[in-house]
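In what follows, a structure is listed as structure tokens, so that the remarks can point back to it.
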Amino acid sequence: MDGLGAASEASVGVVRMTTTQGGGASKRSLDEMRAPPSTAAGVVAGAKKQGGKMSVRKILIVDDSPTERHVLNDMLTKSGYEVVASDNGEDAIQKAKSLKPDLILMDVVMPGLNGFQATRAISRDPDTRAIPIILCTSKSQETDKIWGMRQGARDYIVKPVNKDELLEKIAAIV
């Protein structure tokens, strides 16, 4: 060796292990990979502060299925949320920028820009990166969940959506 050291990485399951020659090792769990990028103010875009905690009020639903949008809209409005809808990834990116929702529920399988691509674009844009995204999809493989988190999603829920589970995930975001 030339004294610079060599690095190696291996991804196994949901733990990522990084080792460096002579430098020890570190690992990141799936929960750590889910953590959103921090913002300068530490505040979720558009969220209202209540008693030291952020509250989600406006939710952007992104799904190409009118039926799924209706079901989610009904669940959320009956639970007191303001809901805005989009039927594709491109429109979702524009609405995220212009409306600054407190949270986005993103389908994955959509024509054109899919949910993974839209999530990556929103989570990497300085204007929208603080908006948490929950992927809401029929894709139930663990690899899909991990990939979604790596694109910037904060959580993942599999359809058909259970109302209590969805509301718990929304509450946990803040």
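The values are calculated or read from the model by the stated rules, or taken from the named source; none is laboratory data. All values derive from a computational prediction rather than experimental measurement. Quick reminder, even Gly has a Cβ in these numbers, built from the backbone with ideal geometry, and neighbours come from all protein chains shown. Accessible surface areas use protein heavy atoms only, side chains included; no ligands, DNA or RNA. Shrake-Rupley method; radii C 1.70, N 1.55, O 1.52, S 1.80 Å.
Things worth noting here:
- Ile173 vs. criteria of a type outside the set (S, T, N, Q) and touching a helix residue (DSSP H, G or I) at 6+ places or on another chain (Cβ under 9 Å): no
- Yes/no for Gln94 being modelled with pLDDT under 95 and open to solvent by 50 Å² or more (accessible area, probe 1.4 Å): no
- Output for segment 142-172, where each listed residue is in a loop (DSSP other than H, G, I, E, B) and touching a Phe, Trp or Tyr at 6+ places or on another chain (Cβ under 7 Å): Gln151
- Residue satisfying all of: in segment 105-141; of a type in the set (S, T, N, Q) and either outside any loop (DSSP other than H, G, I, E, B) or within 24 Å of Glu168 (Cα to Cα) (or both); most open to solvent (accessible area, probe 1.4 Å) among these: Gln141
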